[in-house]
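Remarks on the structure that follows.
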Amino acid sequence: MIEIRAKLKIPRSAYKVEVKGRLELPFDSRQKSRLRARLASGEEVAVLLPRGEILRGGDLVTASDGRVIEIVSRPEKLLHVETRDLAKAAYHLGNRHVPVQIGEGFLRIAEDHVLEEMLRKLGAKVSHVEAPFEPEAGAYAGGHQHQHDEMGHGGKIHEFGHDHDHDHKH
C-alpha cells in the first residue's frame, strides 16, 4: 500500500507536474489527517497528513513511490441556499459551527433536514444539489487567507504572499 504524507505547496502552474493518479474524496474525508482510501485505479492508499491539513479539490499530493496524485472533490448531497440576506443565513449556520461553502449569491452546506427547515423559516430558497463541497477554511485555519473561484465553484483557499497578477482589495 502506498502512503500519502505531503501536499505539494507550490501552485500547480509553477512546474510541469505529471499527475499519475486521482484520489476522489468527499469533504468529510478530505479533512481527516489519517484514513485509508482507494485511488480511481482501485489501488489502496493510506493518507497520513499532518494534523489540521485539509485537502482541497485540485490539490496535488506526493505518494511514497514518488507519484503525484491529484485530489478530486467527490460530488455529495448538499443544500444550495439563496436569499436576499445571505449574511443572516451565514450567521445562523456559523453559530451552529456548520461548514459552509460561500459562492457568488449562494451558500452550500451538507444536507441536513433540521438546518433546511431553519433556512426556509428565515425566508431562504433551499434546493438539493449534488456537487463538490469546498467549505470555507475558517478564521483559525492559519495565515491570512482568501478565496478565489477560478473553477466556478468552491474555489481554492490559499495564503497571501503569493506571486500572481491580480491585486488584493480588502
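Residue 19 meets the conditions (1) surrounded by 14 or more Cβ atoms within 10 Å (Cβ to Cβ); (2) modelled with pLDDT under 95 in every case but one. The failed one is (1). Being open to solvent by 70 Å² or more (accessible area, probe 1.4 Å), acidic (Asp, Glu) and either under 22 Å from residue 131 (Cβ atoms) or at pLDDT below 95 (or both) is a property that holds for residue 104.
Could you please find all residues in the stretch 43-59 being within 17 Å of residue 73 (Cα to Cα) and either out of contact with any strand residue (DSSP E or B) (no Cβ under 8 Å at 6 or more places or on another chain) or among the acidic types (Asp, Glu) (or both)? 53, 54, 59 - these are the residues of the stretch 43-59 that are within 17 Å of residue 73 (Cα to Cα) and either out of contact with any strand residue (DSSP E or B) (no Cβ under 8 Å at 6 or more places or on another chain) or among the acidic types (Asp, Glu) (or both).
Quick one: is residue 3 open to solvent by less than 80 Å² (accessible area, probe 1.4 Å), over 19 Å from residue 76 (Cβ atoms), in a strand (DSSP E or B) and not β-branched (Val, Ile, Thr)? Yes.
Matching residues to (1) out of contact with any helix residue (DSSP H, G or I) (no Cβ under 6 Å at 6 or more places or on another chain); (2) farther than 24 Å from residue 124 by Cβ; (3) of a type outside the set (D, E, K, R):
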position	(1), (2), (3)
2	yes, yes, yes
13	yes, yes, yes
23	yes, yes, yes
32	yes, yes, no
39	yes, yes, yes
66	yes, yes, yes
75	yes, no, yes
84	yes, no, no
101	yes, no, yes
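Taking the criterion of being assigned to a loop (DSSP other than H, G, I, E, B), open to solvent by 20 Å² or more (accessible area, probe 1.4 Å) and closer than 21 Å to residue 25 by Cβ, would at least one residue in the stretch 86-98 satisfy it? Checked against the condition, which is being assigned to a loop (DSSP other than H, G, I, E, B), open to solvent by 20 Å² or more (accessible area, probe 1.4 Å) and closer than 21 Å to residue 25 by Cβ, the stretch 86-98 yields at least one hit. Just wondering, is there one or more residues in the stretch 48-55 that are outside any loop (DSSP other than H, G, I, E, B) and either over 13 Å from the mean Cα position of the chain (by Cα) or among the hydroxyl-bearing types (Ser, Thr, Tyr) (or both)? Taking every residue of the stretch 48-55 in turn, at least one turns out to be outside any loop (DSSP other than H, G, I, E, B) and either over 13 Å from the mean Cα position of the chain (by Cα) or among the hydroxyl-bearing types (Ser, Thr, Tyr) (or both).
The values are calculated or read from the model by the stated rules, or taken from the named source; none is laboratory data. The structure presented is a predicted model; accordingly, all values stated were derived computationally and were not measured. Quick reminder, even Gly has a Cβ in these numbers, built from the backbone with ideal geometry, and neighbours come from all protein chains shown. When the accessible area is computed, the model is the full protein with side chains, heavy atoms only, and any ligands, DNA or RNA have been set aside. Shrake-Rupley method; radii C 1.70, N 1.55, O 1.52, S 1.80 Å.
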